[in-house]
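K.L.:
Input: one structure, supplied below.
The values are calculated or read from the model by the stated rules, or taken from the named source; none is laboratory data. A quick note: this is a predicted structure, and the numbers were derived from the prediction, not measured. Cβ coordinates were reconstructed from backbone atoms using ideal geometry, including for glycine residues, and neighbour counts include every protein chain displayed.
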Amino acid sequence: MSHRISIVLPAINEYLEFITESFEHLIKHKIKGISDSVRVKFAGENKLLMHELYTNAINHAGSKVVEFIFDIKDDYVDIQMITDGPGFTIKPVNSDSTPGTTLHRPPFANHLIQNEFIVHLDPDYEVVCKVLDSTKLEFYDRERGDKTESEMDLLIPEHFGLFIITNLGKNVKFEKDSEGRNVFQLKRKFPPAK
Amino acid sequence: MKTLDKNNFVVYKYSGEKGTQLDAPAFKSAIFEFIESNPKKIIVIDLSGVEYVDSSFLGVLVAAYKEANSRDQEIVISGLTDMVSSVFESTRLYTVFRIIKSVEEI
């Protein structure tokens with residue numbers, strides 16, 4: 001059983017609470033039978049996830065309109081956020097975790113395809129952006145390998161929102177589709193019932 | 001914002017119910033000024049009245065942490081509500097900050 005729900009909003013802060021609360025209502029029936037502590041944690045994460053997605057569209061994507069499509073499945077929900085505007089810009093961080101100055105915008109050049117860029121770095125994790133083709137990106141976070149003592153002090157909020165999104169969502173992807181729309185998509189799993 | 005000044009620490013009480021991108025700029029100015037004007041070893045940021053935070057607000061906390069570190073001070077977070085606590089857990093910031101329930105734990 002799958003349900004598809006679509007919500008279209010102007011990309012303005014006034015609808016932020018509406019979309020975070022709406023998402024919570026939409027999946028409420030899917031999280032029955034879980035403990036209160038898990039429920040609180042899951043609700044907090046959902047609110048944060050939707051908040052980060054929507055504010056990214058407002059602040060960074062230059063969008064005027066945002067469409068959310070929720071495909072609610074048995075164990076997870078597929079979230080698509082479709083926006084207008086120029087789309088996602090790859091801005092790799094430097095190895096010392098300071099924000100880099102190189103920018104890559106879609107369509108991504110041939111020499112970038114299959115390359116990976118680190119777009120967020122913290123003491124333990126990094127967010128990797130992989131260029132799948134000229135219009136598609138994939139994001140994931142991974143634990144960092146060997147670290148020097150000084151690197152443990154690295155703390156940079158660059159793309160912190162993206163780190164949160166990749167941490168809370170799975171299969172996080174961006175695509176500039178054939179109509180020039182920006183499609184950001186991810187999967188959010190429901191916690192298992194106790 | 002209210003402050004509670006003890007011997008080795010001082011408390012900055014954040015008075016809003018939310019900490020979002022809309023609140024972050026004013027909070028950043030206020031907390032940096034607070035750090036600068038309080039040479040105490042420990043700066044406690046009391047978030048007990050806060051129901052929700054986003055990455056912008058967390059970014060300010062991280063910036064405050066770095067600023068305090070550069071002055072040989074420590075930022076300690078107190079009074080996290082369940083919802084905000086879950087955000088700290090999701091973002092792994094609980095590994096960065098010392099988190100306490102109340103100033104009695106200092």
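K.L.:
Applying the selection to segment A:91-136, what residues are of a type in the set (D, E, K, R), in contact with a Gly (Cβ under 9 Å, 6 or more places away or on another chain) and closer than 24 Å to A:L168 by Cβ?
P.N.:
Taking segment A:91-136 and keeping what is of a type in the set (D, E, K, R), we get A:91, A:96, A:105, A:116, A:122, A:124, A:126, A:130, A:133, A:136.
Narrowing further to those that are in contact with a Gly (Cβ under 9 Å, 6 or more places away or on another chain): A:91, A:105.
The answer is A:K91, and nothing else.
Yes or no, residue by residue, for (1) within 19 Å of A:E52 (Cβ to Cβ); (2) in contact with a Ser or Thr (Cβ under 9 Å, 6 or more places away or on another chain):
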residue: B:A24; (1), (2): yes, yes
residue: B:D46; (1), (2): no, yes
residue: B:S56; (1), (2): yes, yes
residue: B:A64; (1), (2): no, no
residue: B:M83; (1), (2): yes, no
residue: B:E89; (1), (2): yes, no
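K.L.:
Any idea which residue in segment A:37-60 is nearest to the other protein chains (Cβ to nearest Cβ), counting only those that are β-branched (V, I, T) and touching a residue at least 40 places away in the same chain (Cβ under 8 Å)? I'd like the intermediate steps shown before the answer.
P.N.:
First pass over segment A:37-60, keeping only residues β-branched (V, I, T): A:38, A:40, A:55, A:58.
Then keep just the ones that are touching a residue at least 40 places away in the same chain (Cβ under 8 Å); that gives A:38, A:55, A:58.
Details: A:V38: 10, A:T55: 6, A:I58: 9 Å.
The selected residue is A:T55.
K.L.:
From the set of residues in segment B:12-27 that are surrounded by 18 or more Cβ atoms within 10 Å (Cβ to Cβ) and at pLDDT 95 or above, which is nearest to B:I42 (Cα to Cα)?
P.N.:
Here is the first cut: in segment B:12-27, the residues surrounded by 18 or more Cβ atoms within 10 Å (Cβ to Cβ) are B:12, B:14, B:16, B:19-21, B:23-24, B:27.
From what's left, at pLDDT 95 or above: B:12, B:14, B:27.
On the way: B:Y12: 11, B:Y14: 16, B:F27: 18 Å.
Looking at residues that are surrounded by 18 or more Cβ atoms within 10 Å (Cβ to Cβ) and at pLDDT 95 or above, I get B:Y12.
K.L.:
Something else now. Search segment A:113-127 for residues that are closer than 16 Å to B:S90 by Cα and within 14 Å of another protein chain (Cβ to nearest Cβ) and pair each with any residue that is among the aliphatic types (A, V, I, L, M) and in a strand (DSSP E or B) when their beta-carbon atoms are under 6 Å apart and the residues are at least 6 apart or on different chains.
P.N.:
Filtered contacts from segment A:113-127: A:H120/A:V127; A:L121/A:V93; A:E126/A:I118; A:V127/A:V119.
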